[in-house]
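This report refers to the structure that appears directly beneath it.
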Amino acid sequence: MEILDGKLLSIQIMEEIAAEVKELVASGKRAPHLAAVIVGDDPASKVYVRNKVRSCEKVGFQSTHIVKPSSTTEEELLQIVNDLNENPEIDGFIVQLPLPNHISEEKITLEIDPRKDVDGFHPVNFGRMAQGLPAYLPATPFGIMQMLDRYNIEVSGKECVVLGRSNIVGTPISILLSRKASPGNATVALCHSRTKDLKSHTLRADIIVVALGIPEFLTADMIKEGVVIIDVGINRVEDATAKRGYRLTGDVKYDEVAAKCSYITPVPGGVGPMTVTSLIKNTLRAAKNEVYK
Ligand code: GUN
């Protein structure tokens, strides 16, 4: 069994990006600039956004962190999005989800200029991705694809099972794995809460991506020997013995599953760091006008 070390891989990719930023700046261009907007005080979101801003600093990007109270209205947030759309100093930006209930995530996402949508959440980017056109890929699926690529894991012709059909992970990763590209060309089953006899799917799988948000959902009896496991879950589980009162666990019952795998991502230190790195990579692509000419 080999661990897919997202932490190590993300450090390597961040070093590559930092070197490119140095070259850009040396050639007289300004450093890429990412803005991140957070509304409200969801503790996990705050940690994620802080990580994103910190990662910008590590690679020499400029960053702008916009923090708004949960009382912010939809109109006010739409205005912030419009200002960022118009600001020529900003290459890309994200609005952290979830948003407070009184703000429509759909409305906000649709308002973001697809050219600056480095999260890849706008339907224009999603559609371009699905058709194999240049697009910002959503960060988590992009990170998973880079991980498979850099660890030289064969995907073509393999049976892949994706658990969970969210717009930001399950559905896009199922498209990317089945796309006519490399990595890609897999046969993909996208499984969800209405799937009948889930185990019959997971037992056949060569590669399983689990993105359900259910702690330790995937167990050893559900998989075959030699499978590749990508665990997207980051769940806070109460733990009185832990310093913070909780520990992080994935969607996979790691200890028993790891023993049967050829490769597995740990939680933390697997998909998570790759997600942040992919956002940074998208921002670099934005600054270089690589996606939209
Ligand atoms: N909430 C959970 N993951 C993400 C992400 O990748 N981007 C944004 N904007 N919000 C999120």
(message) For a quick check of your reading of the model, give me the residue pairs whose first member lies in the range 193-207 and is more than 13 Å from I229 (Cβ to Cβ), whose second is part of a helix (DSSP H, G or I), with beta-carbon atoms closer than 6 Å and at least 6 apart or on different chains.
(response) K199/M222
(request) Under 6 Å between Cβ atoms, at least 6 apart or on separate chains: pull out the pairs that start in the range 264-286 with a residue that is open to solvent by less than 10 Å² (accessible area, probe 1.4 Å) and end on any residue that is modelled with pLDDT of 95 or more and among the aromatic types (F, W, Y). (result) S278/F142; N282/Y136
(message) So, in the range 123-153, exactly how many residues are away from the ligand (no atom under 16 Å from the Cβ), of a type outside the set (V, I, T), open to solvent by 10 Å² or more (accessible area, probe 1.4 Å) and closer than 18 Å to L9 by Cα?
(response) 4
(message) Within the range 93-107, take every residue that is of a type in the set (V, I, T) and within 10 Å of the ligand (Cβ to nearest atom) and give me the one that is nearest to S70 (Cα to Cα).
(response) V95
(request) Tell me which residues, restricted to the range 174-201, are surrounded by fewer than 21 Cβ atoms within 10 Å (Cβ to Cβ) and assigned to a helix (DSSP H, G or I). (result) I175, S178, L198, K199, S200, H201
(request) Could you grab me the full set of residues in the range 109-132 that are touching a Gly at 6+ places or on another chain (Cβ under 8 Å) and in a loop (DSSP other than H, G, I, E, B)? (result) V118
(request) Go over the candidates R236, R247 one by one and state the one that is in a strand (DSSP E or B) and without any contact (Cβ under 8 Å) to a residue 12 or more places away in the chain. (result) R247
(message) With the structure loaded, tell me whether P43 is in contact (Cβ under 8 Å) with a residue 40 or more places away in the chain and within 16 Å of the ligand (Cβ to nearest atom) or whether it fails that test.
(response) no
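The values are calculated or read from the model by the stated rules, or taken from the named source; none is laboratory data. Quick caveat: nothing in here was measured; it's all calculated off a predicted structure. Because the Cβ atoms are built from the backbone with ideal geometry, glycine has one as well, and the counts that use them run over all protein chains shown. What goes into the accessible areas is simple: the full protein's heavy atoms, side chains included, and nothing from ligands, DNA or RNA. Shrake-Rupley method; radii C 1.70, N 1.55, O 1.52, S 1.80 Å.
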